[in-house]
Each structure stands twice: as C-alpha cells, then as structure tokens.
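First the structure, in the form of structure tokens, and then the observations on it.
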Amino acid sequence: MLFRLIAAVLFTLAGACVGVMLSQRLRQRQDICMQIGVILRDAAVCIRYVGMNVYDMVRRFRSSPELAGLTFLEYLPESFSEGENFREMWRQSLMKQELPAEEREILAELGEMLGRTDIEGQLAELSVLEERVRCLENERRTVCSQKGRMYRSVGVLFGVMVGILVI
C-alpha cells in the first residue's frame, strides 16, 4: 500500500512537471517576441540617431543582455569581409535557431531591409515590423496566460488521475 501511495504522489508530481514545462514553452515564445521588439526599437535608434551600419548594429545587439535569447546573432559577422553577403548570412544564421514561424518571418524581413534603403525608408519599414511584433506579442501574452494556466492545471489533474488509478 505504501508503494502505491508513493507511486501516486510521484505520478502527480510528474504530471505537474509536464504542465509546467509546457507552460514554460509558451512563456519562452512570449519572451522571444519581447526580444524582437527590443531589437526593432534598438535598430530604429541606431539608424535614426547614430547612423550605424549593419555590422555596428550586430555588435551592439550581441552585447545587449536583453537579447540573450536571440542566439542567431552569434553567427553574424561583426565586420565586413570581401565577397560576403550580409543578408544571406542573416538568413543562414536564423536557420540555426529554433524560432516560431511568425517570429522567424519578422526577423527575416528585418535582415532583408537593414541597410537596403535610405534612413526614412528603413524607419518606415521598422515601424511596420514593430506594429506586427506588438500584435504578435499581445497574442502570445494572451495565449500564455490562458493556456499556461490550463497546462499546469491539466498536468496536475492528469497526474492525480494516474495516481488514483495506481492506488
């Protein structure tokens, strides 16, 4: 009987852990959206006020602790080399990080537009991307609060159910 009781408690804890893990995955998606918003706002500041080129921006993005979740930045060059295509390297580095499709698309568009047009054109494109990220972030926040709570609760309930079956 003691063995069954211990097994029931362990199954309950395992269910709770699975629920927390799934909830944490939703939180990570929300965090990625927030970091993309930071990179877009930072890029706008770099373009508007400082006049940085793409390589200076990459150095700045890499050194920012707020962007630690965007690991694809580590694969980007920090300086120009003859014969290299920055946009192609941006695309390739994006493939090295597992990102949701919407976030990957926004970051790919950012890489395509950086340094391509004049300052006003880049700022206009950045504002469009910022609005898309803002909407996506609100969606992620809503999903995280609703489904995160549900995942945690269902995980515990499933663990309790299996625990009761064991007893």
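Key figures
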{"item": "Relative contact order %, the chain, counting alpha carbon pairs below 8 Å whose residues are six or more apart", "result": "51 percent"}
{"item": "Candidate residues Asp31, Asp42, Asp118: accessible-area rank, largest first, probe 1.4 Å", "result": "Asp118, Asp31, Asp42"}
{"item": "Accessible surface, 1.4 Å probe, highest first, among residues Tyr75, Tyr151, Tyr55, Tyr49", "result": "Tyr49, Tyr75, Tyr151, Tyr55"}
{"item": "Rg over Rh [alpha-carbon atoms, Kirkwood Rh] for the stretch 26-66", "result": "1.05"}
{"item": "Cβ-derived FRET efficiency at R0 35 Å, Leu22 paired with Val50, nearest 0.05", "result": "0.25"}
{"item": "D_trans [Stokes-Einstein, Kirkwood Rh over alpha-carbon pairs] for the stretch 63-123, 25 °C, 0.890 mPa s, µm² s⁻¹", "result": "194 µm²/s"}
{"item": "For the chain, projected area of the alpha-carbon convex hull averaged over all directions, nm²", "result": "11.8 nm²"}
{"item": "Estimated FRET transfer efficiency (Ile6, Val154; beta-carbon r; R0 35 Å; 0.05)", "result": "0.95"}
{"item": "Kirkwood Rh (inverse of mean 1/r, distinct Cα pairs), the stretch 97-167, angstrom", "result": "15.4 Å"}
{"item": "Using a Förster distance of 25 Å, the FRET efficiency for Arg134-Ser64 (Cβ separation, nearest 0.05)", "result": "0.80"}
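The values are calculated or read from the model by the stated rules, or taken from the named source; none is laboratory data. Since the model is a prediction, treat every value here as computed from it, not as a measurement. Don't worry about glycine lacking a Cβ; one is built from the backbone with ideal geometry, like all the others, and counts go over all protein chains shown. Only protein heavy atoms, including side chains, enter the accessible area calculation; ligands, DNA and RNA are left aside. Shrake-Rupley method; radii C 1.70, N 1.55, O 1.52, S 1.80 Å.
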